[in-house]
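Only one structure is covered here, and it is reproduced in the block below.
Please treat every number below as a calculation from the coordinates, not as lab data. Quick caveat, the model's predicted, so the values are computed rather than measured. Ideal geometry is used to build each Cβ from the backbone, glycine not excepted, and the neighbour counts take in all protein chains shown.
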Amino acid sequence: MSSYRIGIDLGGTFIKGGIVDENNTILLQRQVPTKAEEGAYAVLDRMAELAKDLMIADEVKDMDCLGVGIGNPGTVDAVRGFVPYSNNIHWENVPVADYLSDKLELSVKVDNDANCAALGVLLSEKETAYESAILLTLGTGLGCGIILHGKIYGGEHAGGAEVGHMILKSGGRKCSCGKRGCFEAYCSTTGLIKDTKKEIEKAKQKTPLTKLYKKDGQLDGRRIMTAVSDQDPVAKKAFDKYLTHLAEGMTGIVDLFRPEVVYIGGGISARFDLMEAFLNDYVKKNSFGGEHAFIPVIKKAPGGNDVGIIGAAGLIGVE
């Protein structure tokens with residue numbers, strides 16, 4: 001009998017779930033609202049109902065479900081299937097795996113959502129045989145997943161491998177985690193917006209971006225990247241600063257782990273064409289040993305928004 005796994009990607013707005021076959025192909029996917037304000041166990045109940053709904057789908061009538069993998073935001077103890085803390089959904093000490101396993105009568109594994117996304121990217125790269133990879137997700141925050149020898153590396157204990165919160169600038173910009181100078185504070189979309197606002201305030205010339213911002217007070221990653229693409233000088237100055245910070249942090253990561261590939265995902269990666277040459281060149285010139293050492297390639301992450309589901313499903317059977 002053929003088999004499948006269920007992957008669930010828990011987000012702040014939606015819970016996305018999918019049936020994933022032995023070839024890491026999603027056969028069916030659905031989503032439900034997270035409603036985090038109702039509390040952890042209400043969210044877990046919705047996750048269980050989503051999994052049950054998927055298990056009775058026509059696509060899997062004659063297939064065996066091997067288990068359910070969960071990509072969960074926040075600090076995750078993957079060994080115990082436990083979430084000590086998750087800031088953006090306001091969870092503390094939630095026994096995710098045990099609770100869902102009792103509800104579903106199936107094996108349930110849980111890991112950090114960025115780790116699952118990184119595993120999903122690797123599983124989606126069917127044309128390559130990469131065994132080690134790092135995924136940087138550039139969004140509201142900066143997520144990082146590390147895969148070594150085909151397995152998620154999350155440090156020796158829960159809370160490890162939080163690359164987004166290594167210090168890029170001592171005493172620098174305040175991060176959402178409470179520390180100052182974190183990689184995330186400079187290289188998330190939030191960081192790019194802050195840098196762009198500063199450049200707009202300092203600008204002596206009027207540009208299309210400064211006029212738009214003065215008109216409606218709106219500034220987001222998409223508007224900034226469009227302005228960069230259009231060679232708006234204010235947007236380009238802010239983006240050049242952002243890229244340098246990103247390249248500095250990325251070079252440090254390369255020096256630590258020397259993966260085969262570094263993937264860039266998240267909203268800003270939609271314009272990877274504006275970053276690719278600079279990032280690859282910077283890492284080549286500035287990583288320890290330079291061209292005498294192994295230099296990983298910097299690539300746009302494949303798989304789109306589905307990698308979280310694929311990677312979560314990949315937790316099942318991945319020891």
- request: Specify which of the listed residues (Cys182, Cys177, Cys187) is surrounded by fewer than 17 Cβ atoms within 10 Å (Cβ to Cβ) and either under 24 Å from Ile147 (Cβ atoms) or of a type in the set (Asp, Glu) (or both).
  value: Cys177
- request: Only one of these is surrounded by 17 or more Cβ atoms within 10 Å (Cβ to Cβ), more than 15 Å from Ala97 (Cα to Cα) and over 19 Å from the mean Cα position of the chain (by Cα): Ile19, Ile15. Name it.
  value: Ile19
query: Any idea which residue in segment 81-130 is farthest from the chain's Cα centre (by Cα), counting only those that are under 18 Å from Ala313 (Cα atoms) and in a loop (DSSP other than H, G, I, E, B)?
result: Glu105
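Residues are listed down the side, and each one gets a yes or a no for (1) surrounded by fewer than 14 Cβ atoms within 10 Å (Cβ to Cβ); (2) of a type outside the set (Lys, Arg); (3) assigned to a loop (DSSP other than H, G, I, E, B):
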site	(1), (2), (3)
Gly143	no, yes, no
Ile146	no, yes, no
Gly154	no, yes, yes
His157	yes, yes, yes
Ala161	no, yes, yes
Gly171	yes, yes, yes
message: List the residue pairs whose Cβ atoms are under 8 Å apart, where the first residue sits in segment 82-96 and is surrounded by fewer than 22 Cβ atoms within 10 Å (Cβ to Cβ), the second is in a loop (DSSP other than H, G, I, E, B) and of a type in the set (A, V, I, L, M), and the two are 6 or more positions apart or on different chains.
response: Phe82/Ala158; Pro84/Ala158
